[in-house]
Amino acid sequence: MSRSSDPADTRPARPAGRLPLSPAPHAVRRDSRDDTTGRRRLSVASMLLLLFAVASAAVGQVMLKHGMQVATSRAAQRGSLVISAATSPWVLLGLLVFAISAIAWLATLSRVPLSVAYPFNALGYLGILTASILILHERANVLTWAGSLLVVSGLIIVVLARP
């Protein structure tokens, strides 16, 4: 290996067969910053992954709630709530969907800053609130809707105001 022709360069020569520590130019990921504002932009894939993680967590919660309603009614007739819940297809499927959402959330966190990703969980509030009314036939009053809309408004503010 050749050394710099500058006599002031006192760096040792790189041993043969050793690669430089800096990555190859094609391996360096480009920074996804908006040139005009300096804000980080989410890629479409990251946004879809984030929305999938939030939506699947909400779906899993609704499935778990439905499964526990079924298990509670079965337990009233047969006995143990634990056994009824552990053998309920809705509870087991809800746990599976929730586990998938956890894996999707981990993948999201590897791509998206937590300060951006976490506020998106507010969308899950709206999804769960809507599903609990439409699917589980629960009731929600005006204050519940107002509070949920305020939380989602906060999400929009956080995402838009991110430096």
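Residue count for segment 105-163 under the criterion of being polar (S, T, N, Q), farther than 20 Å from ALA45 by Cα and in contact with a Lys or Arg (Cβ under 9 Å, 6 or more places away or on another chain): the result is 1. Between VAL91, VAL82, the distinction of being without any contact (Cβ under 8 Å) to a residue 12 or more places away in the chain, part of a helix (DSSP H, G or I), of a type outside the set (Asp, Glu) and over 30 Å from SER43 (Cβ atoms) belongs to VAL82 only. Note on segment 136-149: residues that are over 21 Å from GLY60 (Cβ atoms), exposed (fewer than 11 other Cβ atoms within 10 Å of the Cβ) and not polar (S, T, N, Q) total 4. Of the residues making up segment 138-163, those that are of a type in the set (D, E, K, R) and at pLDDT below 90 number 1. Residues that are surrounded by fewer than 18 Cβ atoms within 10 Å (Cβ to Cβ), of a type outside the set (Phe, Trp, Tyr) and modelled with pLDDT of 55 or more: does segment 51-68 have at least one? Yes, because at least one residue in segment 51-68 is surrounded by fewer than 18 Cβ atoms within 10 Å (Cβ to Cβ), of a type outside the set (Phe, Trp, Tyr) and modelled with pLDDT of 55 or more. For segment 97-120, the condition holds for no residue, the condition being that it is more than 16 Å from the chain's Cα centre (by Cα), assigned to a helix (DSSP H, G or I), aliphatic (A, V, I, L, M) and surrounded by 13 or more Cβ atoms within 10 Å (Cβ to Cβ).
Filter segment 70-79 down to the residues that are small (Gly, Ala, Ser) and surrounded by 12 or more Cβ atoms within 10 Å (Cβ to Cβ), then identify the one that is farthest from the chain's Cα centre (by Cα). Only one residue fits best here, namely ALA75.
The values are calculated or read from the model by the stated rules, or taken from the named source; none is laboratory data. Treat the numbers as computed from the prediction; the structure is a model and nothing was measured. Ideal geometry is used to build each Cβ from the backbone, glycine not excepted, and the neighbour counts take in all protein chains shown.
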